[in-house]
1. In Å and from the alpha-carbon atoms only, list the Rg and Dmax of the range 156-294.
2. Kindly put 252, 213, 247 in sequence by how many other C-beta atoms sit within 10 Å of each C-beta, fewest to most.
3. Given the -39500 (n - 2.57) contribution per DSSP H run of 4+ residues, what per-residue ellipticity at 222 nm results for the chain, rounded to the nearest 500 deg cm²/dmol?
4. Quick check on the chain: of the DSSP beta bridges with both residues there, what percent are antiparallel, nearest 5%?
5. Pick out which of 116, 108, 168 has the largest mean-square fluctuation in a Gaussian network model of the chain, springs linking Cα atoms closer than 10 Å.
6. Where is the GNM fluctuation largest for the chain (alpha-carbon springs, 10 angstrom cutoff): 208, 264, 135?
7. With a 10 Å Cβ neighbour count serving as the proxy for reagent exposure, in which order, fewest first, do 114, 172, 49 appear?
8. Residues in the range 23-49 near a label at residue 267, defined as backbone nitrogen under 20 Å from the 7 Å Cα→Cβ point?
């Protein structure tokens, strides 16, 4: 028994910068692609970090759940759905996969929907820059239990000692009444090098715990820099041509990066030559998470 990706959905629409709306659209597209009704989603997990107007309450997951049209009816016989935020820097999506594995194993939910994505709190921009290095995008993974020998393996996590490497915060004392639309991001000079070491440790642990052939394994990794996935591939012995990345024309999509890359690869039929995908998430901490995903038979060439 395992947990597999039933479908994905993304939204990089330009008519809004609201991560609530974009994530809601991504969720709806994932459900529509799979022919799944909102009532069939038992749990929705939001792994995004940077949100509209620096919203603290209510939980952003509840706002996205409403935008996605999940669990809006309250008739006694209607199926129940709930949602929550799971915020853990750049590793949140794979932490959410861990939760989804536990939930689906109990049989208490038919599907788990993981949404992710970030936006500048001002809602006035979508491209990353030196001040705020994250691009706006919404993404969704719709997961289900399967009896086939496919899906996610064990998620391995690693955290480095020392300073976080990257910190994001709202400086209330200096921002005054502009605090709802401003975010300060500070990155240490050696952050990417330290993050690479941590990500490689997590990746090696995931590879060591799986019986795979690196020749038929693709890498989908975090994109804190455009060359980070390629650098990671070199560290763990995966071929450069097996690195699958999202559209980085607007900069780093942060928590949406893994889903965006998988979605793009699936649409382009780039997964057909592979049997497995090594997912590696990484971010502030420095921290990282990695998992091997066995592709369904129709997606992998080696099936």
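Nothing in this text is a laboratory measurement; each read-out follows from the coordinates by a stated rule. These numbers were taken from a predicted model, which means no experiment stands behind them. Using ideal geometry, Cβ is built from the backbone for each residue, glycine included, and neighbour counts are taken over all protein chains shown.
1. 16.5, 55
2. Details: 252 22, 213 10, 247 13.
Least to most surrounded, the residues fall as 213, 247, 252.
3. On the way: 7 runs with 81 residues, N = 303.
Here the helix-only value at 222 nm equals -8000 deg cm²/dmol.
4. Numbers: 35 of 51 bridges.
Antiparallel bridges make up about 70 percent of those DSSP assigns within the chain.
5. Comparing 116, 108, 168 in a Gaussian network model of the chain, the most mobile one is 108.
6. 208
7. So the ranking, lowest neighbour count to highest, is 172, 49, 114.
8. Answer for the range 23-49: 23-36.
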